[in-house]
1. Give me the aspartates and glutamates in straight-line cross-link reach of LYS183: C-alpha distance below 15 Å, same-chain residues under 8 apart excluded.
2. Quick check on the chain: take the gyration tensor over C-alpha atoms, sort the square-rooted eigenvalues as a ≥ b ≥ c, and tell me if it's rounded (a/c under 1.5), prolate or oblate.
3. Going by average Cβ density within 10 Å per residue, which order do the peptides 240-249, 271-280 take, highest to lowest?
4. Assuming a ≥ b ≥ c are the square roots of the Cα gyration tensor eigenvalues, decide whether segment 158-313 counts as rounded (a/c under 1.5), prolate (otherwise, with a/b larger than b/c) or oblate.
5. Take each of the peptides 252-259, 102-109, average the number of other beta-carbon atoms within 10 Å over its residues, and list them starting from the highest.
6. Classify segment 250-313: rounded, prolate or oblate, from the alpha-carbon gyration tensor (a ≥ b ≥ c, eigenvalue square roots; a/c under 1.5 rounded; otherwise prolate if a/b is larger than b/c)?
7. Using Cα-Cα distances under 8 Å and only pairs 6 or more residues apart, what relative contact order does segment 120-309 have, in percent?
8. Have a look at SER178, LEU232, VAL168 and report the one farthest towards the positive end of the charge dipole of the chain, computed about the Cα centre with Cβ charges (Lys/Arg +1, Asp/Glu -1).
Amino acid sequence: MADDQALAGLKVMIAVAKADGNLADAERAQLEQALSEVAPMADLAKLIDEAIDLDVELAKIKDPEVRHATYRASLLLSVADGEAHADESKILAKVRDAYGLADESNSVLAILSAAAKKRADEEANLDPEERAKRVKRRIQKSSAVAAVLGLNPIPLLSIVTDMAIFGVQGELVAQIASAYGHKLTRKEAATTFLGSLGLGIARLALTQLVKFVPVWGSVVGGASGYTTTYALGETMRRHFDAGGDLKSLSKESKKTFDTIKKGEAKEEFEKAKADVEATAKAKQAEIEAAAREVQAGTGSTDDLVAVAEKDVA
């Protein structure tokens, strides 16, 4: 069954993260946050702490798409802490060789790097009322764009749209920070803020596999793209409104994020749902074409986002 294979894929991915025999506190925190976000039904301690026989888990995965997703998820998680490690690279090579896959480290990481680059500044606005309106519009638009991308799953290309959503979220945080007079790149946004809310690279990695699990898979997609992006934006707005800085989020921010995502963000999605779904359907062919160009190295995630956000209010 696909869900059994996806679970095996999760174990392979965790084995890569534990390649040196240890899971650093920062890595564990990112993984736990991401698991709680995209696979809330999972037994976190069991998945992370149990001994994993890599060969046994690799042998359980028969579906070509799940195999490919396992490799890509493992590759992404290997750089979740900002750098690749030799021990992880060895296991990645074993995963790749077991399934006869090409080395995608350069292409996948190049796409991820491009998605983490800052595109533009949001003009700082010191008038609280005008700034609030501008930030609110930005949050709503970014959420709609993330939903449009999430509603267009493309076999073996979903990693590209997921990276584009990751870029949209990093850009949103950077623009909100800029509106409050702070300078922040997408990469800094992802490292400092997205990861602490369970939306960092670890989540991006996990998403590749949870899509194959019926129960968990419902956590990702168009609605999730909208609600997580909206909750992220609102959490950051409140963080800066309260005088927060660029160093870190308060301990209460995760609770704020979860509360907004389960309440206000869902209400906002229901209001936007019809328009978002119509836009996603109308742009399906364009989005797939743009995603294929990104995969081929002839396009960028910014190009893909531009297609998704065109005509989005």
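Any read-out appearing in this document is the output of simple, stated calculations on the displayed coordinates, not a laboratory observation. For clarity, every value in this text was computed on a predicted model and none was experimentally measured. Note that each Cβ is placed from the backbone with ideal geometry, even for glycine, and that neighbours are counted across all protein chains shown.
1. ASP121, GLU122, GLU123, GLU171, ASP245
2. Judged from the Cα gyration tensor, the chain comes out prolate (a/c at least 1.5, a/b above b/c).
3. Going from most to least packed, we get 271-280, 240-249.
4. prolate
5. 252-259, 102-109
6. Taking the square roots of the gyration eigenvalues as a ≥ b ≥ c, segment 250-313 is oblate.
7. With pairs under 8 Å counted, the relative contact order is 30 percent.
8. Of the listed residues, the answer is SER178.
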